[in-house]
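The values are calculated or read from the model by the stated rules, or taken from the named source; none is laboratory data. Please read these numbers as outputs of a predicted model, since none were measured by experiment. Quick reminder, even Gly has a Cβ in these numbers, built from the backbone with ideal geometry, and neighbours come from all protein chains shown. Heavy atoms of the whole protein, side chains included, go into the accessibility calculation; ligands, DNA and RNA do not. Shrake-Rupley method; radii C 1.70, N 1.55, O 1.52, S 1.80 Å.
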Amino acid sequence: MLFDDDPPPKLVGIARLAASSDLLEAKRQVEYLELETRRFIGRGSGRMRSIWTINPYRGCEYGCKYCYARYAHEFMELRDPELFERKIYAKQFQAPAFRAEVRRLKAGDTVWIGTATDPYQPAERRFQITRQMLEVFAEESGLDLGITTKSDFVARDAALMARIARKNRIRVHLTITTLDERLARMIEPRAPRPALRLAALAKLTEAGVPVSVLAHPVMPLINDSEESLDAVCAAAAGNGASSFSAAPLFLKPCSAQVFLPFLEERFPHLVRRYRERFEKAAYLKGHYPEMIAERVERIRARHKLASRREPECPAPRLQGDQLELFPALSKGPGTVPALQRKVNRL
Ligand code: SF4
């Protein structure tokens, strides 16, 4: 236990670099800092071990209530989970160093941009790190790139991505969890509205960039009804998406610290059931994930969309005995009255 007169802990590695970062700009409650970076491209972990990951920023201003990437700030000894959305670190970009790392990749390697941050969050308008990285990728061939975002600003790079696609595979994974703007504002408070994301989808596909729409995470009794998921899939198909997927919410401790208080405030009637289901494990097991997988398969077939090629974030691990989540849901789509509705190693 730390007492007030304990000496401050000695910071090492990424925590030391973060503590010595220069302040670039502060707006509202958001601070932008510059982070010295030794390596831009890291190895994925767990199910993502076979892929390379790039996160141009640390932290994400969008502040999604379910965000699993908040753990990335813990490596910098920033323990308050809300700092993830208020202290945004822009990696100090150096094209020659980045190019040297890219050139060490092999033909066919998969590289995922945005596994623990959104590469098109507001910071990108100013620092343009994602764009500078894509410009380097445009010089290469034979790579397999995936970009995950929920920002309409991704459309800025449609022409550049189309150029990359001539010699590489590239796919944008655009997250749209609901078309209900009121619900979207609640769960993804500073992310662009769903309608803006759909407009970006149309621009990307028009430019010839393949886009998958991800309705992750599916939150029980919040956005999991057949009607809600079908509406997202229909809009995805109508705007040119080539694939659609959705997987249930998982709650690691860093995300539970934000998500559960959010539920208490906005969906108090669901708190007890969420606590019971997530108390012992971060991933839901049993009937519920199977029901959602069947529902998504049915919806995808209805709109003639494929399933995405690769996971962009850890998908729920289905293992162990069946555990029925929200028994009422097994009888039909879940409804809430009036509301139907990813660490780069340095
Ligand atoms: S879920 Fe993605 S977009 Fe939302 S806060 Fe986390 S990193 Fe940003």
Next on the checklist: Test of understanding: extend the Cα→C-beta vector of ALA159 to 7 Å, then name every residue of segment 197-211 with backbone N under 13 Å from that spot.
Outcome noted: 207
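For segment 114-238, what % of the accessible area comes from carbon and sulfur atoms, probe 1.4 Å? Don't skip to the answer; put the middle values down first.
Values: 1800 of 3750 Å².
Exposed carbon and sulfur together represent 48 percent of the surface.
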Item to check | With all protein chains modelled, accessible area of ARG266 [1.4 Å, Å²] | outcome: 120
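Any idea what the dipole of segment 42-135 comes to, in debye rounded to 20, about its Cα centre with Lys/Arg Cβ at +1 and Asp/Glu Cβ at -1?
Working: 17 positive and 11 negative charges, 63 e Å.
Result for segment 42-135 is approximately 300 debye, rounded to the nearest 20.
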Checklist outcome for this item: With every protein chain kept in place and a 1.4 Å probe, segment 50-136 has an accessible area per residue in Å² of 35
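How much area per residue is accessible in segment 198-301 when the probe is 1.4 Å and only protein heavy atoms are counted (Å²)? Could you put the intermediate results ahead of the total?
On the way: 3860 Å² over 104 residues.
About 37 Å² of surface per residue is accessible.
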Checklist entry - Label-point separation (nm) for VAL271 and GLU294, each offset 7 Å from Cα along Cα-to-Cβ? => result 3.3
Checklist entry - Calculated FRET efficiency, SER45 and HIS287, Cβ-Cβ r, R0 25 Å, to nearest 0.05? => result 0.30
Checklist entry - Per residue, how much space in cubic angstrom lies within the convex hull of the C-alpha atoms of segment 158-281? => result 119
Checklist entry - By accessible area of protein heavy atoms, probe 1.4 Å, what ranking do GLU188, GLU297, GLU140 get, highest first? => result GLU297, GLU140, GLU188
Checklist entry - Picking from PRO220, GLY238, VAL172, whose Cα lies most toward the positive end of the charge dipole for segment 148-239 (charges on Cβ: Lys, Arg +1; Asp, Glu -1)? => result VAL172
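Given a Förster distance of 25 angstrom, what is the FRET efficiency for GLN132 paired with GLN257, based on the Cβ-Cβ distance and rounded to 0.05?
Values: r = 34 Å, r/R0 = 1.35.
Taking R0 as 25 Å, the efficiency between GLN132 and GLN257 is 0.15.
Count the net charge of all other residues whose Cβ sits under 9 Å from the Cβ of ARG193, scoring Lys and Arg as +1 and Asp and Glu as -1.
Working: positive: ARG185, ARG197; negative: ASP152, GLU181.
It works out to a net charge of 0.
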